[in-house]
Amino acid sequence: MTTVQDLIDRLESEATSDVDPDSTPDVGVIMGSDSDLDTMQGAFDALDELGFAEQTDFDDPPAVRFTYEAYVVSAHRTPELMYAYGETAADRGLDVIIAGAGGKSADLPNMTASLAYPIPVIGVPVQEKSVDSVIGMPTGAPIVAVDAGKSFNAALSAAQILAREHDEVEERLIEYHENLKGGVAEVSADLHDLGVERFRTSRSDET
């Protein structure tokens with residue numbers, strides 16, 4: 001059985017390993033509980049769509065340039081793991097962290113932002129009641145946050161941060177945005193050309 005100390009030892013070992021920075025995860029995705037996974041799935045979907053791959057073995061990365069990793073890290077049940085994750089993030093090669101947490105005391109994103117500083121942390125409130133907790137940082141302790149449940153947007157923001165340094169990620173973001181524009185144009189043309197009733201019927205037939 002894996003213990004919290006096992007995970008801490010793993011993170012600390014990875015932080016001191018001599019590996020090519022291009023082979024380490026670029027984005028870390030953490031959540032307070034596996035019950036948050038459905039909400040955080042949007043982040044994985046967005047990263048996958050942008051051509052990132054999940055890295056499950058620090059020493060054996062996927063054969064793609066940009067990767068992400070995922071962990072459950074509870075601010076309240078495993079604070080020592082949260083400290084280890086935040087404090088080793090830079091040495092493990094992470095460039096940005098997405099942190100999701102729920103409940104009224106959703107402390108994981110803002111605590112991680114403090115520990116991992118100056119690595120940017122994007123907070124995802126899993127529920128509406130988590131918003132104030134996630135964004136409630138004092139002056140001088142920044143965190144970026146998205147609206148409740150919008151982990152897809154959090155991943156897009158993470159990619160935007162990486163795009164300032166990596167042209168390849170910027171190109172993927174632009175392509176994604178152009179596809180969105182094209183989708184709106186197609187829907188708009190269909191609505192106009194078919195008329196409202198036929199458009200509604202065509203949409204219901206698709207479902």
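The values are calculated or read from the model by the stated rules, or taken from the named source; none is laboratory data. Predicted model only: the values in this text are computed from it and were never measured. Cβ atoms come from the backbone with ideal geometry, glycine included; neighbour counts cover every protein chain shown. The protein model used for the area step is the full one, side chains on, heavy atoms only, and it has no ligands, DNA or RNA in it. Shrake-Rupley method; radii C 1.70, N 1.55, O 1.52, S 1.80 Å.
A few remarks follow.
- Matching entry among VAL124, VAL96, VAL64, VAL131 (being among the β-branched types (Val, Ile, Thr) and in contact with a Lys or Arg (Cβ under 8 Å, 6 or more places away or on another chain)): VAL124
- Where helices (runs of 4 or more DSSP H) fall wholly inside segment 114-207, the ranges with 1 or more residues that are charged (D, E, K, R) are 131-135, 167-194, 196-206.
- Filtered residues of segment 171-207 (kept if basic (Lys, Arg) and under 30 Å from the mean Cα position of the chain (by Cα)): ARG172, LYS181
- Subset of segment 163-203 (residues that are in contact with a Phe, Trp or Tyr (Cβ under 7 Å, 6 or more places away or on another chain) and at pLDDT 95 or above): VAL169
- Scanning segment 89-113 for residues that are farther than 23 Å from GLY140 by Cβ and surrounded by 20 or more Cβ atoms within 10 Å (Cβ to Cβ), we see that the one that is nearest to the chain's Cα centre (by Cα) is GLY100.
- Only one of the numbered conditions (1) modelled with pLDDT of 95 or more; (2) farther than 22 Å from THR24 by Cβ; (3) open to solvent by 10 Å² or more (accessible area, probe 1.4 Å) is violated by VAL124, and that is (3).
- Flag for ASP48 being at pLDDT 95 or above and out of contact with any strand residue (DSSP E or B) (no Cβ under 7 Å at 6 or more places or on another chain): yes
Yes/no per residue for (1) without any contact (Cβ under 8 Å) to a residue 12 or more places away in the chain; (2) open to solvent by less than 30 Å² (accessible area, probe 1.4 Å); (3) more than 18 Å from ILE161 (Cα to Cα):
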position	(1), (2), (3)
LEU7	no, no, yes
GLU12	no, no, yes
SER17	no, no, yes
ALA43	no, yes, no
GLY51	no, no, no
ASP57	yes, no, yes
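- Candidates ILE97, ILE143: the one that is within 15 Å of LEU11 (Cβ to Cβ) and either in contact with a strand residue (DSSP E or B) (Cβ under 8 Å, 6 or more places away or on another chain) or of a type in the set (Lys, Arg) (or both) is ILE97.
- Residue in segment 86-107 that is part of a helix (DSSP H, G or I), of a type in the set (Asp, Glu) and more than 18 Å from ASP147 (Cα to Cα) present: yes
- Any hit, segment 28-37, residues being touching a Lys or Arg at 6+ places or on another chain (Cβ under 7 Å) and open to solvent by 10 Å² or more (accessible area, probe 1.4 Å): no
- Some residue of segment 187-201 being basic (Lys, Arg), more than 22 Å from PHE52 (Cα to Cα) and either surrounded by 14 or more Cβ atoms within 10 Å (Cβ to Cβ) or touching a residue at least 12 places away in the same chain (Cβ under 8 Å) (or both): no
- Within segment 75-85, the residues that satisfy the criterion of being more than 18 Å from the chain's Cα centre (by Cα) and either of a type outside the set (Lys, Arg) or not in a loop (DSSP other than H, G, I, E, B) (or both) are HIS76, THR78, PRO79, GLU80, LEU81, TYR83, ALA84.
- Residues that are farther than 24 Å from LEU180 by Cα, among the aliphatic types (A, V, I, L, M) and assigned to a loop (DSSP other than H, G, I, E, B) were ranked within segment 20-74; the one that is farthest from the chain's Cα centre (by Cα) is ALA63.
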